[in-house]
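*Asks:* Pasting in a structure now, in structure tokens, and then I'll have a few things to ask.
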Amino acid sequence: MKKVLFVASEAVPFIKTGGLADVVGSLPKCFPKEYFDVRVVIPKYRVIKDEFKNQMRYITNFYMDLNWRQQYVGIFEMEYEGIKFYFIDNEEHFSGDKPYAGMPWDLEKFAFFSKAALSILPVIDFRPDIIHCHDWQTGLIPVYLKERFQGSDFYRGIKSIMTIHNLKFQGVWDIKTIKNISGLPDYYFTPDKLEFKKDANYLKGGLVYADAITTVSKTYAEEIKMPFYGEGLDGLMSARANDLRGIVNGIDYDEYNPETDSFITKNYNAKNFRKEKVKNKIALQQELGLEQDPKAMMIGVVSRLTDQKGFDLIAYVMDELCQDNIQLVVLGTGEERYENMFRHFAWKYDKKVAACIYYSEPMSHKIYASADAFLMPSLFEPCGLSQLMSLRYGTVPIVRETGGLKDTVQPYNEYEGSGTGFSFTNYNAHEMLGTIRYAERIYYDRKRDWNKIIDRGMAQDYSWNNSARQYEELYNWL
Ligand code: ADP
Ligand code: GLC
């Protein structure tokens, strides 16, 4: 029996700000129970819903020193869909109204969390063979593991994996502060370890000290060895190329299933979508005050509103796009300029554009089910889950060919009759607009071909089936 501990800053259904939570919440369920005991540790944020907090069982508490301070570590536990979750409790660190407070506040929070995740192991009597760390928030775990924990018998031989979900976020601050917060000695703050352009970098620590590194698509694993995508760590990624693999994400096929989804107006499947799917669109047009026209091509966007996702391309051609016979439904929160841009266009073209500037799980499902196409013109995209959800719901992705978008959406080829979506290469607004307009032409003029694109998209398997096997292989190899 292999024992694996996932450590991350978010996991569905407890807390989610993006795709990381989907992955950490759904992947652990996909390993065969006879061979793998996979458990998960996340912070016990105050903002986790009471519905869950009430089900957590208090285990114990102790005090842990983090540099010069003794800090309280409470441990709670809960089983969810067959997986054991542990929650680290500390009022000072986790009582904010959001999981992240930004820099520098998150630095101490996640140094504490990382050290606590290691410290609780003897207490909960779980000695993992592998600690699987996710993103910069857990970057110090491989470092602490090597630095102090492996001196004791309990921890000796535990391996660590660092998975990069987004290289953009690294946890960087000046060396003096991080030395003080982490309690790590001078030895670790050199350019071959945590030092990064004269500062200190949590994620870099993880990438240097982890036994293996993964990221969430094959293409992104290649891209991050190059300066454009490497965020200053391309040299390190190249140096560790032999220990770096790209394993594409999956999604939870039970959670995202148009046949059983209780958030959507009309359930449908790969056989009857031609007749049934449109009923969702009509209902959403009504709900959002758009023109009620079953034929109008609806384009959906569900996203964090940040630069990463290519919103400056959309901003650039938004007026032009709105001259077309399309509807645009946006669900997202994030940078104010993008929130306001969509609010503005929803006001200007009120029958064509709907701006839902909030976070809502049910609304996201409605959009995946209702839209005809899904737009994701990302500047970079480690994997992307929204396009996978779209494929699952028979909604045709229009994407830029980067990272996981390139690996999961095959461009439509009208001559061969192949492909599951539409894509463009360069980060250029008119290239995007040209691709959207090409999709419009197929949608309006060649509906049978359009429906065949949907057939092929819905036939893809982006459940965790394949990718979980690749993680198993990695665990076994380690
Ligand atoms: P990222 O992790 O970079 O944000 P992904 O495509 O991997 O991008 O995952 C985004 C996840 O967050 C998807 O599950 C998507 O449906 C969800 N999501 C993003 N914004 C919202 C929102 N405003 N309301 C509901 N779900 C959202
Ligand atoms: C990150 C990436 C996204 C990926 C997700 C889950 O948030 O931005 O592309 O799908 O992590 O791995």
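The values are calculated or read from the model by the stated rules, or taken from the named source; none is laboratory data. From a predicted model like this one, the values you see are computed outputs, not experimental measurements. Note: ideal-geometry Cβ built from the backbone for every residue, glycine included; neighbour counts use all protein chains shown.
*Asks:* Is it fair to say ASP324 is within 16 Å of ligand 2 (Cβ to nearest atom) and surrounded by 14 or more Cβ atoms within 10 Å (Cβ to Cβ)?
*Replies:* no
*Asks:* Out of all the residues in the range 330-358, which are aliphatic (A, V, I, L, M) and either assigned to a helix (DSSP H, G or I) or away from ligand 1 (no atom under 12 Å from the Cβ) (or both)?
*Replies:* Within the range 330-358, MET341, ALA346, VAL353, ALA354 qualify.
*Asks:* Would you please list the contacts, defined by Cβ atoms under 8 Å and residues six or more apart or on different chains, that run from a residue in the range 163-179 that is assigned by TED's automatic domain parsing to the domain that holds TYR100 and within 15 Å of SER114 (Cα to Cα) to a residue that is of a type in the set (Lys, Arg) and more than 13 Å from ligand 1 (Cβ to nearest atom)?
*Replies:* GLN170/LYS204
*Asks:* Also, quick follow-up: Residues of the range 15-29 being under 14 Å from HIS132 (Cα atoms) and either within 7 Å of ligand 2 (Cβ to nearest atom) or at pLDDT below 95 (or both), which ones? Talk me through it step by step, then tell me what you get.
*Replies:* Taking the range 15-29 and keeping what is under 14 Å from HIS132 (Cα atoms), we get 20, 23-25, 27-28.
Listed by number, the residues that qualify are LEU20, VAL23.
*Asks:* Within the range 29-40, does at least one residue satisfy the condition of being hydroxyl-bearing (Ser, Thr, Tyr) and surrounded by fewer than 23 Cβ atoms within 10 Å (Cβ to Cβ)?
*Replies:* Yes, there is a match, as at least one residue in the range 29-40 is hydroxyl-bearing (Ser, Thr, Tyr) and surrounded by fewer than 23 Cβ atoms within 10 Å (Cβ to Cβ).
*Asks:* Among ALA21, ALA101, ALA111, which is the only one that is among the small types (Gly, Ala, Ser) and under 23 Å from ARG148 (Cα atoms)?
*Replies:* Checking each option against the conditions leaves just ALA111.
*Asks:* Can I ask one more? Looking at the range 108-160, which of its residues are free of Cβ contacts under 8 Å to residues at least 12 places away in the same chain and either closer than 17 Å to VAL73 by Cα or among the aliphatic types (A, V, I, L, M) (or both)?
*Replies:* ASP125
*Asks:* Would you check if there is a residue in the range 322-337 being free of Cβ contacts under 8 Å to residues at least 24 places away in the same chain and under 23 Å from HIS430 (Cβ atoms)?
*Replies:* yes
*Asks:* Then there is this: Quick one: which residue in GLU81, GLU92 is surrounded by fewer than 17 Cβ atoms within 10 Å (Cβ to Cβ), acidic (Asp, Glu), away from ligand 1 (no atom under 16 Å from the Cβ) and free of Cβ contacts under 8 Å to residues at least 40 places away in the same chain? Please lay out each step first, then the result.
*Replies:* Numbers: GLU81 fails: free of Cβ contacts under 8 Å to residues at least 40 places away in the same chain.
GLU92 is the lone residue from the list that is surrounded by fewer than 17 Cβ atoms within 10 Å (Cβ to Cβ), acidic (Asp, Glu), away from ligand 1 (no atom under 16 Å from the Cβ) and free of Cβ contacts under 8 Å to residues at least 40 places away in the same chain.
*Asks:* While we're here: Here is a check on your reading of the model: is PHE374 in contact (Cβ under 8 Å) with a residue 60 or more places away in the chain, within 11 Å of ligand 2 (Cβ to nearest atom) and farther than 13 Å from LYS277 by Cα?
*Replies:* No: the conditions fail for PHE374.
*Asks:* Which number in (1) within 15 Å of ligand 2 (Cβ to nearest atom); (2) under 23 Å from ASN269 (Cα atoms) marks the one condition that LEU405 misses?
*Replies:* The number of the failed condition is (2).
*Asks:* Working only within the range 33-69, note down all residues that are under 26 Å from the mean Cα position of the chain (by Cα) and among the aliphatic types (A, V, I, L, M).
*Replies:* Scanning the range 33-69 gives VAL38, VAL40, VAL41, ILE42, VAL47, ILE48, MET56.
*Asks:* Quick check on this structure: which one of ALA111, ALA116, ALA101 is surrounded by fewer than 24 Cβ atoms within 10 Å (Cβ to Cβ) and at pLDDT 95 or above?
*Replies:* One residue alone meets the criteria, ALA101.
*Asks:* So which of TYR438, TYR444, TYR393 ends up being away from ligand 2 (no atom under 16 Å from the Cβ), in contact (Cβ under 8 Å) with a residue 24 or more places away in the chain and surrounded by fewer than 24 Cβ atoms within 10 Å (Cβ to Cβ)?
*Replies:* TYR444
*Asks:* Right, another one. Only one of (1) over 29 Å from GLU473 (Cβ atoms); (2) under 21 Å from the mean Cα position of the chain (by Cα) is not met by ASP199, so which one is it?
*Replies:* Of everything listed in (1) over 29 Å from GLU473 (Cβ atoms); (2) under 21 Å from the mean Cα position of the chain (by Cα), ASP199 misses just condition (2).
*Asks:* Residue by residue through the range 223-239, note down the ones that are over 14 Å from GLY139 (Cβ atoms) and either over 20 Å from the mean Cα position of the chain (by Cα) or more than 16 Å from ligand 1 (Cβ to nearest atom) (or both).
*Replies:* Filtering the range 223-239 for residues over 14 Å from GLY139 (Cβ atoms) gives 223-230, 232, 234-235, 237-239.
Listed by number, the residues that qualify are LYS225, MET226, PRO227, PHE228, GLY230, GLY232, ASP234, GLY235, MET237, SER238, ALA239.
*Asks:* I've got another one for you. When you scan the range 13-21, do you find a residue that is without any contact (Cβ under 8 Å) to a residue 60 or more places away in the chain, within 16 Å of ligand 1 (Cβ to nearest atom) and in contact with a helix residue (DSSP H, G or I) (Cβ under 9 Å, 6 or more places away or on another chain), even just one?
*Replies:* There is at least one residue in the range 13-21 that is without any contact (Cβ under 8 Å) to a residue 60 or more places away in the chain, within 16 Å of ligand 1 (Cβ to nearest atom) and in contact with a helix residue (DSSP H, G or I) (Cβ under 9 Å, 6 or more places away or on another chain).
*Asks:* Going by what's in this entry, would LEU66 be described as modelled with pLDDT under 95, surrounded by 15 or more Cβ atoms within 10 Å (Cβ to Cβ) and either more than 16 Å from ligand 1 (Cβ to nearest atom) or farther than 22 Å from GLN137 by Cα (or both)?
*Replies:* Judged against the criteria, LEU66 is a match.
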